[in-house]
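Following: one structure in structure tokens, then a few remarks.
The values are calculated or read from the model by the stated rules, or taken from the named source; none is laboratory data. Bear in mind that the values here come from a model prediction, so they are computed numbers and not experimental data. Cβ coordinates were reconstructed from backbone atoms using ideal geometry, including for glycine residues, and neighbour counts include every protein chain displayed.
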């Protein structure tokens, strides 16, 4: 599967999360939608790590997961 | 290769439907469950991208620990429908419009990109790409400083959570505890003499004539406040 497909999926997840952050008013659901946006970014990071053949993007994705676990 | 494509579409549809479920479902508990589904599908996508360790961490840490925490929050706070009252009527329309604009911009950027690698399946990878051995090696050599900063961040978050929970519990917890302990047990309750029935009414400390509490104790109306159980 070409890397572009993964990027399309990550962009759609990010946009769904952004729409949720703006439209929902329950603070808990807003936090969940922020997690969605972080996950979209994570998918893009891992996809680019696969594209370049390096593991640095996966390291970055793990750091993002740590931050998300920190403010949860 | 065909199997890879089928797996990709299954996982991508799962992730997208989970994301849509998080946003659209009214009950916050169900949106947490939809987020768990989304995270597990995303872990499958990570596996397809040869990121084994990230996928395992996603399932264990994210879909396991963090989501259990969210379920607890929903169970304690309770899912009120829309607690924030301030006017968000325009956001309900503008939010999806803004998201559509961002999506259009991102797709334009992706269609017009000059990156050749986007059209291909990715670079050649060495054996053991994305395994815990490689990731741990990078974390302890090249990315040691971000690793330490992340651990410090988690420590600060844990200590801060404990401090906040202590402050929210009450003003002076010791005073409250002392007030509970200092209530004296009324006479003739719970003694061996009461059980044996050897105490007589004459030794009781000045009972009122009308409402003499029975020495048996439980449920005696009008008696002094009693210390009921506890520790």
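Among the listed residues A:64, A:21, which satisfies the condition of being more than 7 Å from every other protein chain (Cβ to nearest Cβ) and closer than 23 Å to residue B:149 by Cβ?
A:64
Taking the residues in the range B:69-92 that are part of a helix (DSSP H, G or I) and farther than 21 Å from residue A:19 by Cβ as candidates, determine which candidate is modelled with the lowest pLDDT.
B:77
State all residues of the range B:115-129 that are part of a loop (DSSP other than H, G, I, E, B), farther than 16 Å from residue B:8 by Cα and free of Cβ contacts under 8 Å to residues at least 12 places away in the same chain; if no residue qualifies, say none.
The answer is B:115, B:123, B:124, B:126, B:127, B:128.
Name the residues in the range A:25-55 that are more than 7 Å from chain B (Cβ to nearest Cβ) and either at positive phi or part of a loop (DSSP other than H, G, I, E, B) (or both), would you?
Scanning the range A:25-55 gives a single hit, A:54.
Only residues that are more than 21 Å from the chain's Cα centre (by Cα) and not in a helix (DSSP H, G or I): list them for the range B:7-57, please.
B:49, B:50, B:51, listed by residue number.
Quick check on this structure: which one of B:36, B:22 is surrounded by 17 or more Cβ atoms within 10 Å (Cβ to Cβ) and within 7 Å of chain A (Cβ to nearest Cβ)?
B:22
Any chance you could count how many residues in the range B:111-136 are at the interface with another protein chain (Cβ under 9 Å from one of its Cβ atoms) and surrounded by 13 or more Cβ atoms within 10 Å (Cβ to Cβ)?
Looking only at that region, the number is 12.
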